[in-house]
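S.K.: Structure incoming, see below.
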Amino acid sequence: MISLGCPKNQVDAEQMLGVLSDSGFEVTSDQTEADVIVVNTCGFIESAKDESIEAILDAAKMKKGGKCRALVVAGCLAQRYSDELRKELPEADAIIGTAEISRIGEICDRALGGGAPVMQVSAPKLVFGLPRVSTTPRHYRYLKIAEGCSNRCSYCAIPIIRGNFASRPSASIIEEARSLADDGAKELVLLAQDSTGYRDGKTDLPVLLRRLTRVRGIAWVRLMYAYPGRISDGLMAVMAEEAKVCKYLDIPVQHIDDAVLAAMNRRGASRDIRRTIEKLRKRVPGIALRTSLITGFPGETDAAFKRLLAFVREAEFEHLGVFTYSPEEGTPAALLLKQVPAETARERLDLIMKAQAKISLKKNRALVGTTRTVLVDGMEDDVLFGRTQSQAPEIDGVVYLSETEALPGEFVEVTITDAMEYDLAGTASKILTRGRGDKVTR
């Protein structure tokens, strides 16, 4: 029996679960019942590393005082800090990197067999085509279209962990999309470190999106992590023309002050970011934009932060996330002078989130009285909830539903009746699909 702890990268986690299941392991979410505990770690920012280490230590305690006979540490933290983990974590029976997903069954067998700990950390590479076990509701699934990143933002450790950008062959993406649809997926959420960098021969991102909308059973295709300096006219055209491509785009801009953007080694200046946002909203009417920002980057002055806060109020993103800067070993930004105190970075984050809460509430209130198509996700505190095209799973708000017998994975027509800062509430008037959902596009 095996348990997968702390899954940060859901596609990697699902592939590991799939390989393990095919290798004869029984999967459990209850770590107290597991003979082997696999902790799939994240090593991107300090808070994620802390959470991963806590999960590893919890698993090590279970090995000492429970049923667990072997502990396997996998994922980004293992890829980046394998030597340190081997020294500090003698309880680990195996430490493996991101490229070893296909061998996880063999590695768990070896860990259970005792003997010397397994250390296997190869160069990062794109892994695809493996069996998957869903860790999300079956009606929405994550689909990885690329791996790694070549942008070299000065603060980011992704190239260290995941390697340079590599596009996945388009044929394998379409094949997996069909498989996921056959398994019940209605919505595909496309993932990459920089989705706008995708290209496989003559298949670029706009062409890939059009091909995915032709997959029978798929009603929505959602695009995440679009680098603002690479959002092409062709991509905007597809989003405007293809009803199944969600009118939603995640564009992490990180900052708006030109000096900070230059220090971050970001492509484009503040005027380019503003121009891109303006074009998106003009060419894709009704589009919902999500962004992420960093406060406390080295050299971020009070004036630079005020420009960022003013930009948030000006741009009025539908969704927004903020992170405080985390100095990462091996990145150029970690060596910069004028580091901003952590307390100051946190205060700035709070100011942005207070401003965003007001923006979000205003936008949500404007939706009251309108009718939206909602994909039902599940139940929370005996209340059914779902999402519109403008809401990505797990990171954005939801729509709480009343007066419907719809089931998760079904589409319903909903009249919005109430608005909160990040969530909506509505009354469902009719169920739009009971089957595969091909006709649902709004």
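The values are calculated or read from the model by the stated rules, or taken from the named source; none is laboratory data. Every value quoted in this text rests on a predicted model; they were computed, and no experiment measured them. Note that each Cβ is placed from the backbone with ideal geometry, even for glycine, and that neighbours are counted across all protein chains shown.
S.K.: Output yes when any residue across the stretch 337-348 is without any contact (Cβ under 8 Å) to a residue 12 or more places away in the chain, outside any strand (DSSP E or B) and surrounded by 12 or more Cβ atoms within 10 Å (Cβ to Cβ), and no when none is.
M.R.: Yes, there is a match, as at least one residue in the stretch 337-348 is without any contact (Cβ under 8 Å) to a residue 12 or more places away in the chain, outside any strand (DSSP E or B) and surrounded by 12 or more Cβ atoms within 10 Å (Cβ to Cβ).
S.K.: Just need a number here: residues in the stretch 127-150 that are out of contact with any helix residue (DSSP H, G or I) (no Cβ under 8 Å at 6 or more places or on another chain) and surrounded by fewer than 19 Cβ atoms within 10 Å (Cβ to Cβ). Before the answer, list the steps.
M.R.: At the first step, the residues of the stretch 127-150 found to be out of contact with any helix residue (DSSP H, G or I) (no Cβ under 8 Å at 6 or more places or on another chain) are 137-140.
Now restrict to residues that are surrounded by fewer than 19 Cβ atoms within 10 Å (Cβ to Cβ): 137-138.
Of the residues in the stretch 127-150, 2 are out of contact with any helix residue (DSSP H, G or I) (no Cβ under 8 Å at 6 or more places or on another chain) and surrounded by fewer than 19 Cβ atoms within 10 Å (Cβ to Cβ).
S.K.: Among the residues of the stretch 280-318, which ones are within 24 Å of the chain's Cα centre (by Cα), small (Gly, Ala, Ser) and more than 16 Å from Pro341 (Cα to Cα)?
M.R.: Correct list: Gly286, Ala288, Ser292, Ala315.
S.K.: Quick one: count up the residues across the stretch 278-303 that are within 22 Å of Ala263 (Cβ to Cβ) and either outside the structural domain of Lys338 (by TED's automatic domain parsing) or surrounded by 21 or more Cβ atoms within 10 Å (Cβ to Cβ) (or both).
M.R.: Residues that pass the stated criteria total 7.
S.K.: Among the residues of the stretch 110-125, is any in a loop (DSSP other than H, G, I, E, B), more than 28 Å from Leu336 (Cβ to Cβ) and of a type in the set (Lys, Arg)?
M.R.: So far as the stretch 110-125 goes, yes, one or more of its residues are in a loop (DSSP other than H, G, I, E, B), more than 28 Å from Leu336 (Cβ to Cβ) and of a type in the set (Lys, Arg).
S.K.: Under the condition of being aliphatic (A, V, I, L, M) and surrounded by fewer than 23 Cβ atoms within 10 Å (Cβ to Cβ), which residue from the stretch 190-207 is nearest to Asp250 (Cα to Cα)?
M.R.: Leu191
S.K.: Hey, can you tell me all the residues within the stretch 349-366 that are crowded, with 19+ Cβ neighbours inside 10 Å and within 18 Å of Thr427 (Cβ to Cβ)?
M.R.: Asn364
S.K.: Within the stretch 244-257, can one find any residue that is surrounded by 19 or more Cβ atoms within 10 Å (Cβ to Cβ), among the polar types (S, T, N, Q) and under 28 Å from Arg372 (Cα atoms)?
M.R.: Taking every residue of the stretch 244-257 in turn, none turns out to be surrounded by 19 or more Cβ atoms within 10 Å (Cβ to Cβ), among the polar types (S, T, N, Q) and under 28 Å from Arg372 (Cα atoms).
S.K.: From the list Glu328, Glu405, Glu394, exactly one residue is in a loop (DSSP other than H, G, I, E, B), touching a Cys at 6+ places or on another chain (Cβ under 9 Å) and modelled with pLDDT under 95. Which is it?
M.R.: Glu328
S.K.: Of the residues Asp35, Asp109, Asp58, Asp22, which is surrounded by fewer than 16 Cβ atoms within 10 Å (Cβ to Cβ) and touching a strand residue (DSSP E or B) at 6+ places or on another chain (Cβ under 8 Å)?
M.R.: None of the other options fit; the residue is Asp58.
S.K.: For a quick check of your reading: which helices (runs of 4 or more DSSP H) sit entirely within the stretch 186-283 and have at least 2 residues that are basic (Lys, Arg) and touching a residue at least 12 places away in the same chain (Cβ under 8 Å)? Can you show your working first?
M.R.: Working: elements: 205-213, 233-241, 258-264, 270-283.
Where helices (runs of 4 or more DSSP H) fall fully within the stretch 186-283 and carry at least 2 residues being basic (Lys, Arg) and touching a residue at least 12 places away in the same chain (Cβ under 8 Å), they are 205-213, 270-283.
S.K.: Here is a follow-up. Could you figure out which of (1) closer than 25 Å to Glu329 by Cα; (2) in contact (Cβ under 8 Å) with a residue 24 or more places away in the chain isn't true of Pro131?
M.R.: Of the numbered conditions (1) closer than 25 Å to Glu329 by Cα; (2) in contact (Cβ under 8 Å) with a residue 24 or more places away in the chain, the odd one out for Pro131 is (1).
S.K.: Also: Can you say whether Ile158 is over 27 Å from Pro137 (Cβ atoms) and either of a type outside the set (D, E, K, R) or buried (at least 19 other Cβ atoms within 10 Å of the Cβ) (or both), as far as the supplied structure shows? Before you say what the answer is, go through the steps one by one.
M.R.: Working: over 27 Å from Pro137 (Cβ atoms): yes; either of a type outside the set (D, E, K, R) or buried (at least 19 other Cβ atoms within 10 Å of the Cβ) (or both): yes.
The answer is yes for Ile158.
S.K.: Find the residue count for the stretch 415-425, including only residues that are surrounded by 21 or more Cβ atoms within 10 Å (Cβ to Cβ) and within 11 Å of Phe385 (Cβ to Cβ).
M.R.: 1
S.K.: Having 3 or more residues that are in contact (Cβ under 8 Å) with a residue 12 or more places away in the chain and either within 27 Å of Arg138 (Cα to Cα) or among the β-branched types (Val, Ile, Thr) (or both) is the bar; report the strands (runs of 3 or more DSSP E) wholly within the stretch 1-101 that clear it.
M.R.: 2-5, 36-41, 70-75
S.K.: Any residue in the stretch 357-373 that is in a loop (DSSP other than H, G, I, E, B), farther than 21 Å from Ala185 by Cα and among the polar types (S, T, N, Q)?
M.R.: Yes, the stretch 357-373 contains a residue that is in a loop (DSSP other than H, G, I, E, B), farther than 21 Å from Ala185 by Cα and among the polar types (S, T, N, Q).
S.K.: Here is a further query. Identify the single condition in (1) over 18 Å from the mean Cα position of the chain (by Cα); (2) closer than 25 Å to Leu190 by Cα that Ile37 does not satisfy, given that it satisfies every other one.
M.R.: Unmet condition: (2).
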